[in-house]
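Notes follow once the structure below has been shown.
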Amino acid sequence: MPRFQLATLFLLAVAIAAPLHAEPDNRYQIDIVVYANTDPAANNAEAWPDNLHLRYPRDWQSLKDTGRGHLQRTEQHHPQFAKALRSLQLSSRYRILTQQSWIQDLQPRSKAPAILIRGGREVGEHFELEGYIRIALERYLYAQPMLWLSQFGERGGNYYLPRHPYRPAPENEDGFVDEAFENSPEYAEFLKQNPQLADAEPAIPAGAEPVERIVVMKQERRMRSEELHYIDHPLFGLLVMISKPQELPVAGDSVGE
């Protein structure tokens, strides 16, 4: 067989064997649980600031809306995560605030959406735990939680809670928020002088319990897949596991059962 015919057959074989579109596999399962520390001594571990400026970003996504951002909720857990979750459930030192599992096409940090998280006791329009988490993929996996835990009671402090987003984010928004500026004292003073421009007004309805304290967990953590990662705070903690989706056995008892 002539040499050029052999080369042609080889190229055809390679073309048939190769996929039409070689795209990176960025689809991961995310398992998280947020828990409160029930040790009374933890309440006096630190002095917590009260000049907080909590806001939700424009690029938020809800786990209830699985039609956007290639999110898919799942009731299955990675076995290693399920074992750790069960230990938390059985411990008297911790109280589960929320547990969520979903599958997501991960994006770089600049494009990763803010996944809304809330749980714990419901008070008026709010929950004890609120906030969001970004899961991103570049050379490494990253988790960026921005969560706040509120204590409601009889004595109100110098706190407010931003309204929980309910409407889908506008499709023409690029999602960029200058958080450093929006959390600055200068911007807070500007909103005081121009209240008509504030879109993060206090949202505690009349008759609801006032907010005595809010503590914040804001971190960026580099992670490895298939490994459990703990993000600690004196009053509450976050357990995260990022893994490749697979046919997993259904985990044991789910939270709340």
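In sequence order, the range 78-91 has phi-based couplings of 4, x, 5, 5, 4, 5, 5, 4, 5, 4, 5, 4, 8, 7 Hz under the Karplus curve 6.51 cos²θ - 1.76 cosθ + 1.60, θ = phi - 60°, and Gly or Pro positions carry x. Model label points for Asp65 and Gln151, set 7 angstrom from Cα along the Cα-to-Cβ axis, are 3.5 nm apart.
Between Asn51 and Arg93, how high is the FRET efficiency from 1/(1 + (r/R0)^6) when r is the Cβ-Cβ distance and R₀ = 45 Å? Nearest 0.05. Once the sixth-power term is evaluated, E becomes 0.90. For the range 37-87, the alpha carbon convex hull comes to 160 Å³ per residue, rounded to a whole number. Taking θ as phi - 60° and the Karplus parameters 6.51, -1.76 and 1.60, the scalar couplings of the range 139-148 work out to 5, 10, 7, 9, 10, 10, x, 10, 10, 10 Hz in sequence order, x denoting glycine and proline. The label point for Lys111 and the one for Glu138, both projected 7 Å from the Cα toward the Cβ, are 1.4 nm apart. The H on the amide N of Arg163, modeled in the peptide plane, is under 5 Å from the matching H of Glu201, each at least 5 residues off or on a different chain. Remark on Met146: its backbone amide H falls under 5 Å from those of Tyr132, Ile133, Arg134, a criterion applied only to residues 5 or more positions apart or on other chains, H modelled at 1.01 Å from N. Given a Förster radius of 22 Å and the C-beta distance between Asn43 and Tyr160 as r, what FRET efficiency does 1/(1 + (r/R0)^6) yield to the nearest 0.05? Between Asn43 and Tyr160 the formula returns 0.55.
Residues in the range 58-97 average 62 Å² of solvent-accessible surface per residue, probe 1.4 Å, ligands and nucleic acids excluded.
The values are calculated or read from the model by the stated rules, or taken from the named source; none is laboratory data. As the structure is a prediction and not an experimental result, all values here were calculated from the model. With ideal geometry, Cβ positions are generated from the backbone for all residues, glycine too; neighbour counts draw on all protein chains shown. For accessibility, only protein heavy atoms count, side chains too; no ligands or nucleic acids. Shrake-Rupley method; radii C 1.70, N 1.55, O 1.52, S 1.80 Å.
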